[in-house]
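Undergrad: The structure that follows is given in the form of structure tokens.
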């Protein structure tokens, strides 16, 4: 099929997209875009999964059970009783793990993905976490680099009406968490000094708040014992669920928050401490928008904006989730569950294709480049890939009108020939084609679409 054809009823406007090939803004990790594997969903071990991960360009898998991460004992897969069952939305201990750590690692290796692991802070010990590192990296040789202490520990009930994560410690303060993180880090790095240790932090702005105080307290105590911080980017929690607002947040909210977080981390932990986006999606509870084309636009734009503004990596929530019952936060469908039946197991939702297009630009390393758009409805991101090709991702956020764009690749001579990949409403997969026109040719972006343009040879 041919990409870039506008609906005949859509009125076209024009936009100038400028890519400064001579102005790099961020180096890209080779595993910059990944996905969480929800421990309570059984579909990870399906035969089709490694191929779907490779096809999407997902180079990083996160072993994450959500709340049960802080009940989970890796050696036998058991869960501790939930210490705060009366306060939590459900009995987390009734959500048993559906795959083992070794099964997770087998899938990751088959897909060519690196691994990140959340260790049990809520009901675990430093010794248990250190034994996990020993098993993973010395016994099995998995080479797991990134290990986070707990899962969203800041939601452990220390703040009133924010008790969602299991924590059996008598002291749930940020001081206690940070002190314990130091002990975890020392025990785990004694086993393998090559690993990186991380902590989860609140997403906060520059204004004073109790949540910012939590972050600063944790960093002031544990900053020299950690190698990364993990932010969970769910902008609907502070700007609402309107699709137009969520898409616009890629351009105004992310640049307002991440640089400030970078400055905070630099102050307490140092500039070498990475910022990861350990979870992101357009909602925390799925509705129809999360299985609609909107989510492809959201994940494509937000993944690249987060990387452009200082994140080392972005991990989507989740590879598989569940229906709720009118939506799903998974990239792939989960078939039948207690909440009802979806489409067949592992059927890609639009969000999958949005991520696939983002990895065409940022999933294999390279360098993000400065870009600008004269049309507020067209979001633009670009990279120089490791093979030297220029890749540009364009998101038309206008749900009703096609927009015409003219690209200018400044600072580098570009030859003829362009590879085009795109996704728009009604598609069941990516549209792809090659043409002989230069990447700077005038092109039409369909309404509510994501398009990637790549030079066909090294530039």
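Undergrad: In this structure, is residue 393 in contact with a helix residue (DSSP H, G or I) (Cβ under 6 Å, 6 or more places away or on another chain) and either surrounded by fewer than 24 Cβ atoms within 10 Å (Cβ to Cβ) or modelled with pLDDT of 95 or more (or both)? Spell out how you get there, then give the answer.
TA: Values: in contact with a helix residue (DSSP H, G or I) (Cβ under 6 Å, 6 or more places away or on another chain): yes; either surrounded by fewer than 24 Cβ atoms within 10 Å (Cβ to Cβ) or modelled with pLDDT of 95 or more (or both): yes.
Spelling it out, residue 393 is indeed in contact with a helix residue (DSSP H, G or I) (Cβ under 6 Å, 6 or more places away or on another chain) and either surrounded by fewer than 24 Cβ atoms within 10 Å (Cβ to Cβ) or modelled with pLDDT of 95 or more (or both).
Here's the yes/no breakdown for (1) farther than 20 Å from residue 392 by Cβ; (2) without any contact (Cβ under 8 Å) to a residue 24 or more places away in the chain; (3) touching a helix residue (DSSP H, G or I) at 6+ places or on another chain (Cβ under 8 Å):
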residue	(1), (2), (3)
304	no, no, yes
310	yes, no, yes
317	yes, no, no
342	yes, yes, no
347	yes, yes, no
351	yes, no, yes
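Undergrad: Could we say that residue 124 is touching a strand residue (DSSP E or B) at 6+ places or on another chain (Cβ under 6 Å), crowded, with 20+ Cβ neighbours inside 10 Å and at negative phi here? Walk me through it before giving the result.
TA: Working: touching a strand residue (DSSP E or B) at 6+ places or on another chain (Cβ under 6 Å): no; crowded, with 20+ Cβ neighbours inside 10 Å: yes; at negative phi: yes.
No, not satisfied.
Undergrad: Go through (1) without any contact (Cβ under 8 Å) to a residue 60 or more places away in the chain; (2) in contact with a helix residue (DSSP H, G or I) (Cβ under 8 Å, 6 or more places away or on another chain); (3) surrounded by fewer than 19 Cβ atoms within 10 Å (Cβ to Cβ) and name the single condition residue 170 misses.
TA: Among (1) without any contact (Cβ under 8 Å) to a residue 60 or more places away in the chain; (2) in contact with a helix residue (DSSP H, G or I) (Cβ under 8 Å, 6 or more places away or on another chain); (3) surrounded by fewer than 19 Cβ atoms within 10 Å (Cβ to Cβ), the lone unmet condition for residue 170 is (2).
Undergrad: Among 152, 148, 114, which is within 18 Å of the chain's Cα centre (by Cα), at positive phi and modelled with pLDDT of 95 or more? Walk me through how you get there before you give the answer.
TA: Values: 148 fails: at positive phi; 114 fails: at positive phi.
Answer to the check: 152.
Undergrad: Additional query: Being assigned by TED's automatic domain parsing to the domain that holds residue 182 and within 30 Å of residue 16 (Cα to Cα) narrows it down to one residue among 294, 324; which is it?
TA: Values: 324 fails: within 30 Å of residue 16 (Cα to Cα).
The conditions single out 294.
Undergrad: Quick one: residue 350 ticks every box in (1) over 18 Å from the mean Cα position of the chain (by Cα); (2) modelled with pLDDT of 95 or more bar one, so which box is it?
TA: (1)
Residue-by-condition table, conditions (1) within 14 Å of the chain's Cα centre (by Cα); (2) surrounded by fewer than 22 Cβ atoms within 10 Å (Cβ to Cβ); (3) not in a loop (DSSP other than H, G, I, E, B):
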residue: 251; (1), (2), (3): no, yes, yes
residue: 271; (1), (2), (3): no, yes, no
residue: 283; (1), (2), (3): yes, yes, no
residue: 290; (1), (2), (3): no, no, yes
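Okay, residues lined up against (1) in contact with a strand residue (DSSP E or B) (Cβ under 7 Å, 6 or more places away or on another chain); (2) more than 25 Å from residue 332 (Cβ to Cβ):
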| position | (1), (2) |
| --- | --- |
| 433 | yes, yes |
| 436 | no, yes |
| 444 | yes, yes |
| 451 | yes, no |
| 455 | yes, yes |
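Undergrad: Between 246, 258, which is in a helix (DSSP H, G or I), farther than 20 Å from residue 34 by Cα and in the same structural domain as residue 159 (by TED's automatic domain parsing)?
TA: Numbers: 258 fails: farther than 20 Å from residue 34 by Cα.
Exactly one residue qualifies, and that residue is 246.
Undergrad: Looking at the range 182-204, which of its residues are without any contact (Cβ under 8 Å) to a residue 60 or more places away in the chain and touching a helix residue (DSSP H, G or I) at 6+ places or on another chain (Cβ under 6 Å)? Step through it out loud before you land on a result.
TA: Step one: of the range 182-204, the residues without any contact (Cβ under 8 Å) to a residue 60 or more places away in the chain are 182-183, 185, 189, 192-194, 197, 199, 202-204.
Answer for the range 182-204, where residues must be without any contact (Cβ under 8 Å) to a residue 60 or more places away in the chain and touching a helix residue (DSSP H, G or I) at 6+ places or on another chain (Cβ under 6 Å): 182, 183, 185, 192, 197, 199, 202, 204.
Undergrad: State whether one or more residues within the range 219-239 are without any contact (Cβ under 8 Å) to a residue 12 or more places away in the chain, assigned to a helix (DSSP H, G or I), assigned by TED's automatic domain parsing to the domain that holds residue 62 and surrounded by 16 or more Cβ atoms within 10 Å (Cβ to Cβ).
TA: No, that holds for no residue.
Undergrad: Where the second residue is modelled with pLDDT of 95 or more and surrounded by fewer than 21 Cβ atoms within 10 Å (Cβ to Cβ) and the first is within 17 Å of residue 57 (Cβ to Cβ) and in the same structural domain as residue 307 (by TED's automatic domain parsing) and lies in the range 382-402, which pairs have Cβ atoms under 8 Å and are six or more apart or on separate chains?
TA: Cβ pairs passing all conditions: none.
Undergrad: Could you please find all residues in the range 351-377 being surrounded by fewer than 19 Cβ atoms within 10 Å (Cβ to Cβ) and out of contact with any strand residue (DSSP E or B) (no Cβ under 6 Å at 6 or more places or on another chain)? Give the derivation first.
TA: So in the range 351-377, the residues surrounded by fewer than 19 Cβ atoms within 10 Å (Cβ to Cβ) come out as 365, 367, 370, 372, 374, 376.
Result: 376, single match.
The values are calculated or read from the model by the stated rules, or taken from the named source; none is laboratory data. These numbers were taken from a predicted model, which means no experiment stands behind them. As a convention, Cβ positions derive from the backbone with ideal geometry for all residues, glycine included, and neighbour counts pool all protein chains shown.
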